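Heads up: the structure comes next, in structure tokens.
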Ligand code: S3P
């Protein structure tokens with residue numbers, strides 16, 4: 001089995017919580033790319049967006065994401081837009097097993113309504129905005145090796161489902 005597991009999907013799909021649980025079950029390290037960006041930039045993601053704009057964030061996001069592309073025994077959780085970049089997709093698919101944590105806009109809305117700090121959502125937070133972003137990204141998310149429907153599932157159940165796929 002390849003030992004780099006990459007989780008992709010929209011904000012609120014559970015990449016971070018399910019990913020951390022999965023890494024414990026596998027005995028792997030866990031990296032959340034957003035956290036790594038915040039540490040190395042010494043700024044929150046909303047502040048990076050506000051100060052330098054989305055294009056700058058995407059540049060940093062790509063560099064940070066690909067810095068883990070040769071890792072072993074790692075569960076890597078990407079930011080929601082991290083799988084939009086073609087080169088990133090190609091490299092991660094070649095080096096790892098990419099899993100798309102899928103969820104409906106309604107389900108994502110319910111999960112993230114208490115955490116609307118996300119810069120892409122804070123101005124216009126609604127099921128419709130989430131649906132709009134998801135529609136633009138679906139085709140790329142679907143390029144993952146595996147897709148798991150996470151609606152109505154706990155992070156524990158999602159992690160268990162991923163484990164079953166990996167075995
Ligand atoms: C983004 C998702 C966020 C973060 C940034 C942009 C996106 O990550 O990278 O706010 O474009 O969907 P999460 O998916 O971890 O919330």
Cβ-Cβ below 6 Å, separation at least six or inter-chain, first residue in region 62-79 and farther than 20 Å from residue 101 by Cβ and in contact (Cβ under 8 Å) with a residue 12 or more places away in the chain, second more than 12 Å from the ligand (Cβ to nearest atom) and part of a helix (DSSP H, G or I): which pairs? 62/88
All positions within region 8-23 that are more than 15 Å from residue 157 (Cβ to Cβ) and either more than 9 Å from the chain's Cα centre (by Cα) or outside any helix (DSSP H, G or I) (or both): 8, 9, 10, 11, 12, 23
Are there any helices (runs of 4 or more DSSP H) wholly within region 57-167 with 3 or more residues that are crowded, with 17+ Cβ neighbours inside 10 Å and within 14 Å of the ligand (Cβ to nearest atom), and if so which? 105-112, 127-141
Subset of region 24-34 (residues that are within 12 Å of the ligand (Cβ to nearest atom) and in a helix (DSSP H, G or I)): 33, 34
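From 47, 42, 35, which residue is free of Cβ contacts under 8 Å to residues at least 40 places away in the same chain and under 15 Å from the mean Cα position of the chain (by Cα)? Spell out the reasoning first.
On the way: 47 fails: under 15 Å from the mean Cα position of the chain (by Cα); 42 fails: under 15 Å from the mean Cα position of the chain (by Cα).
Residue meeting the stated conditions: 35.
What are the residues in region 1-23 that are within 8 Å of the ligand (Cβ to nearest atom) and surrounded by fewer than 15 Cβ atoms within 10 Å (Cβ to Cβ), if any? Steps first, please.
To start, the set of residues in region 1-23 that are within 8 Å of the ligand (Cβ to nearest atom) comprises 9-13, 15-16.
Scanning region 1-23 gives no hits.
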Could you go through region 44-53 and let me know if any residue there is touching a strand residue (DSSP E or B) at 6+ places or on another chain (Cβ under 9 Å) and not in a helix (DSSP H, G or I). no
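Bear in mind that the values in this text are calculations on the coordinates, not laboratory data. This one's a predicted model, so the numbers in the text were calculated from it and none came from an experiment. Heads up, the Cβs are rebuilt from the backbone with ideal geometry, glycines too, and the neighbour counts pull from every protein chain shown.
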